[in-house]
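The values are calculated or read from the model by the stated rules, or taken from the named source; none is laboratory data. Given the structure is predicted, the values throughout are model-derived calculations rather than measurements. Here the Cβ positions follow ideal geometry from the backbone for every residue, glycine too, while neighbour counts run over all protein chains shown. Remember, those area values only see protein heavy atoms, side chains included, never the ligands or the DNA or RNA. Shrake-Rupley method; radii C 1.70, N 1.55, O 1.52, S 1.80 Å.
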Amino acid sequence: MPVKTTKLIIMIEIERKFLVDTEMWCPKDSGNPIVQGYLSTDKERVVRVRIKGDKAWLTIKGKTQGISRIELEYEIPVDEAEVLMKLCHDFPVRKKRYVEEINGMTWEIDVFEDKNAGLVLAEVELNDENEKIELPEWVTQEVSADHRYFNAWLSEHPFTTW
């Protein structure tokens, strides 16, 4: 039987998160639906399975230190991701992701659905924790250090119950 190989991506994730003023932000396209579930939401490590269109990933994230953490990501077949999704605890996080290039930076804007409806977050990944960024006009409060806005937390404590 042939051995399947996966593509592994190892990186240090450095990102900042912000709330979005939905009166000022207007999507430029229809976005991409994402469903993700959590096999582990331990403070020391998070294990996530994500399905986005016809692709899927298994992601392991280490403990957050400041706005950085180790991340290992494996692309996996969608049918395997669907099996793993059934093993996840709590409920999956569903959202639509929009990507915008602003002032040379890639912003990912997530519009949450289902139990997290009403929450809209923007994330920007950085090369360095001290990298200067110019905030779009529709960005409001920074929530990078607030664990309640981590997707793993939202899978257990939905935004609609706050």
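Please report the accessible area of Glu113 (heavy atoms, 1.4 Å probe, ligands and nucleic acids excluded) in Å², nearest 10.
70 Å²
Considering only protein heavy atoms and a probe of 1.4 Å, how much of the accessible area of the chain is carbon and sulfur, as a whole percent? Write out the running numbers ahead of the final one.
Values: 4860 of 9390 Å².
C and S fraction of accessible area: 52 percent.
In square angstrom, rounded to the nearest 10, how much accessible surface does Phe112 have for a 1.4 Å probe?
10 Å²
May I ask you to derive the relative contact order of the chain, considering only C-alpha pairs under 8 Å and at least 6 residues apart, and to give it as an integer percent?
On the way: 336 pairs, mean separation 47.3, N = 162.
It comes to 29 percent, rounded to a whole number.
Taking a cut-off of 24 Å, what percent of all Cα-Cα pairs in the range 1-148 are separated by more than that? Show your work: numbers first, answer last.
On the way: 3887 of 10878 pairs.
Beyond 24 Å sits 36 percent of the P(r) for the range 1-148.
First select every other residue whose beta carbon is under 12 angstrom from the beta carbon of Ser30; then total the charges, Lys and Arg +1, Asp and Glu -1.
On the way: positive: Lys28, Lys96, Arg97; negative: Asp29.
Summing Lys and Arg as +1 and Asp and Glu as -1 gives +2.
If you bin every alpha carbon distance in the range 18-82 into 10 Å steps from zero, what whole percent lands in each bin?
18, 36, 32, 14
Measure nothing but the geometry: give the 0 to 90° angle between the long axis through the Cα atoms of 78-87 and the longest principal axis through the Cα atoms of the chain, rounded to 10°.
90 degrees
Diagonalise the Cα gyration tensor of the range 103-162 and give the resulting equivalent ellipsoid semi-axes, square root of 5 times each eigenvalue, largest first, whole Å. Could the numbers behind the result be given before it?
Working: eigenvalues 114, 33, 18 Å².
Calculated on Cα positions only, the semi-axes equal 24, 13, 10 Å.
On average, how much accessible surface per residue is there in the range 101-155, in Å², for a 1.4 Å probe, leaving out ligands, DNA and RNA? Spell out each step's value before the answer.
Numbers: 2890 Å² over 55 residues.
Per-residue accessible area for the range 101-155 comes out at 53 Å².
Would you mind checking Lys55/Lys115; Lys7/Lys55; Lys63/Lys115; Lys17/Lys115 for any pair whose Cα atoms are more than 18 angstrom apart? Don't skip to the end; give the middle numbers.
On the way: Lys55/Lys115 24 Å; Lys7/Lys55 12 Å; Lys63/Lys115 25 Å; Lys17/Lys115 20 Å.
Those over the limit are Lys55/Lys115; Lys63/Lys115; Lys17/Lys115.
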